[in-house]
Amino acid sequence: MRSVVMEAPGKVVVNEVEKPTLLEPTDAIIKLAASCICGSDLWPYRGADAKPVDHRAMGHEYIGEVVEVGSEVTTVAPGDFVVGSFCISCGECETCTAGYPSRCLKAIAAGDTYIGMRSNGTQAEYARVPFADGTLVKTPATPTEEQIPHLMAASDVLGTGWYAADAAQAGPGKTIVVVGDGAVGLSAVIGAKQLGAEKIIIMSRNPERQALAKEFGATHIVEERGEEGIAKVLELTDGVGAHGVAEAVGSQQSFDQALGCVRHGGYIGFVGVPHDSAIGTDKLFDKQVHLEGGPAPVRKYLPTLIDLIYKGEIEPGKVFDLVLPIDEAAKGYEAMDQRTATKVLLTMP
């Protein structure tokens with residue numbers, strides 16, 4: 001089968017590798033219908049990842065048809081179409097049942113200390129999914145071609161943006177600021193809208209992304225950054241600041257901007273993968289801000305997200321503005337690195 005491999009920073013190839021096989025009785029093998037490139041994949045591509053790249057199988061977002069299951073799998077069967085979380089989870093441990101399957105104790109004990117699917121790579125034609133019962137969600141019907149991108153988004157960016165909005169306490173009467181206009185930030189707009197936020201302010205300088213943000217439910221666009229951007233948000237919130245902020249970048253500038261935009265006692269949901277950033281406890285202390293973030297517990301949200309997609313109430317797949325066959329994955333990485341694409345969908349033969 002074909003699989004995307006990063007041989008070194010800036011060098012992505014598509015190799016022929018052996019198809020995965022069942023290793024544990026809780027595994028499932030799926031034939032991918034599509035995969036995609038994540039913004040977090042750009043850190044190793046740019047040579048900014050602390051972990052060595054050295055022939056890394058890439059990808060952690062996936063949807064497809066189950067072709068084989070282990071003897072202990074009970075919730076999915078061959079022939080089922082499924083969406084999986086980018087983090088592996090058993091669904092049974094104390095952390096999973098507390099609502100944080102992205103930090104599953106069994107998955108961590110098995111060596112999945114960060115993003116589970118990255119170790120196997122899902123920018124590929126087939127993938128092995130550990131803990132299938134706790135990770136995969138069966139769709140109500142085989143999706144149409146039009147639904148494929150929307151379900152693909154649910155595997156990571158939609159659930160991650162939704163988590164950011166949820167952690168920011170989006171709800172009726174609330175004002176939510178979204179810092180970051182990539183696929184996760186745009187998905188946070190969807191989440192904030194669906195959760196009932198009254199005013200949704202996205203900080204963006206990109207006209208195409210601004211237009212999509214408005215389509216998704218943003219009520220205001222702020223193009224300014226830094227102190228000017230904070231001042232604009234304060235102007236839009238009568239000098240008080242937003243009830244909550246969804247931070248979807250992970251840089252020092254983006255977090256400082258989030259902290260500046262949130263009101264005293266407000267909430268920040270931070271889901272951007274951190275890079276060379278730190279949080280000043282003195283500033284947190286002064287603002288009495290609530291913080292929640294990290295790898296999103298996408299599995300918790302998947303049933304809701306899939307239901308909304310099948311009802312046609314949300315169309316998160318619109319974040320994909322470039323579609324390429326898996327053989328052209330290198331072009332997709334280059335396009336996202338150069339910001340000529342927001343998110344790239346990879347199709348399978």
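Roughly how many Å is it from the Cα centre of the range 8-68 to that of the range 232-248, as a whole number?
38
How would you order 90-102, 276-288 from highest to lowest mean count of nearby Cβ atoms within 10 Å?
90-102, 276-288
Would you mind telling me which residue in ALA296, ALA77, ALA188 has the biggest mean-square fluctuation in a Gaussian network model of the chain, where springs connect alpha carbons within a distance under 10 angstrom?
Result for the chain, Cα springs under 10 Å: ALA77 fluctuates most.
Would you mind calculating the gained length between ALA48 and HIS275 on full extension (0.36 nm times residue separation, minus the Cα-Cα distance), in nm to one decimal?
80.9 nm
As I understand it, the dipole of the chain uses +1 on the Cβ of Lys and Arg and -1 on the Cβ of Asp and Glu, about the Cα centre. Which of LEU259, PRO78, GLY239 lies farthest toward its positive end?
Checked the options; the winner is GLY239.
With unit charges on the beta carbons (Lys and Arg positive, Asp and Glu negative) and the dipole taken about the Cα centre of the chain, which residue among LEU32, GLY293, VAL222 sits farthest to the positive side?
VAL222
Return the long-range amide H neighbours of ALA197 (sequence gap of 5 or more, or a different chain), with a cut-off of under 5 Å between placed amide H atoms.
The list, which skips near neighbours in sequence, is GLY171.
Leaving out ligands, DNA and RNA, what percent of the accessible area of the chain is carbon and sulfur, probe 1.4 Å?
50
Select from the range 244-349 those GluC sites (Glu not before Pro) which occupy a DSSP coil region and have at most 11 other Cβ atoms within 10 Å, ordered by residue number.
GLU313
Work out the length of the dipole vector of the chain about its Cα centre, built from +1 on the beta-carbon of each Lys and Arg and -1 on the beta-carbon of each Asp and Glu, and round it to the nearest 20 debye.
Charge dipole of the chain: 340 debye, to the nearest 20.
Please give the per residue accessible area of the chain, computed with a probe of 1.4 Å over protein heavy atoms only, in Å².
41
Using a cut-off of 10 Å between beta-carbons, work out the net charge of the residues near ALA167 (Lys and Arg +1, Asp and Glu -1, ALA167 not included).
That works out to -3.
Give the long-range amide H neighbours of ILE63: residues separated by 5 or more places, or on another chain, with amide H under 5 Å away, using H modelled in the peptide plane at 1.01 Å from N.
Under 5 Å from the amide H of ILE63: ALA33, ALA34.
Would you please give the residues with an amide H less than 5 Å from that of VAL73, counting only those at least 5 places away or on a separate chain, with H modeled from the backbone geometry?
Close amide H contacts, sequence-distant or interchain: none at all.
The values are calculated or read from the model by the stated rules, or taken from the named source; none is laboratory data. Please read these numbers as outputs of a predicted model, since none were measured by experiment. Don't worry about glycine lacking a Cβ; one is built from the backbone with ideal geometry, like all the others, and counts go over all protein chains shown. Areas reflect the complete protein model, heavy atoms only, side chains present, ligands, DNA and RNA absent. Shrake-Rupley method; radii C 1.70, N 1.55, O 1.52, S 1.80 Å.
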